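Beneath this line is the structure, given in structure tokens, with notes to follow.
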Amino acid sequence: MTYRLDFTRLAQKHIAFLKKAGNKSLLNKIAIHLEELNKAFVKWHE
């Protein structure tokens, strides 16, 4: 259950992030998003 909620929250963050970062380079967006995914993954495995 927590797993599903975490990824729902992550998806919401992703949508907000895409709205905010509209004019940034694609590589920068990918780098930031990968960092967020990594943080979520580490949290999930604690």
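This table checks each residue for (1) more than 13 Å from the chain's Cα centre (by Cα); (2) modelled with pLDDT of 75 or more.
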| residue | (1), (2) |
| --- | --- |
| MET1 | yes, no |
| ARG4 | yes, no |
| PHE7 | no, no |
| ALA11 | no, no |
| GLY22 | yes, no |
| LEU26 | yes, no |
| LEU34 | no, yes |
| TRP44 | yes, yes |
Residues that are over 16 Å from ILE15 (Cα atoms) and surrounded by fewer than 11 Cβ atoms within 10 Å (Cβ to Cβ), drawn from the range 25-40:
SER25, LEU27, ASN38
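The values are calculated or read from the model by the stated rules, or taken from the named source; none is laboratory data. Given the structure is predicted, the values throughout are model-derived calculations rather than measurements. Backbone-built Cβ (ideal geometry, glycine too); neighbour counts: all protein chains shown.
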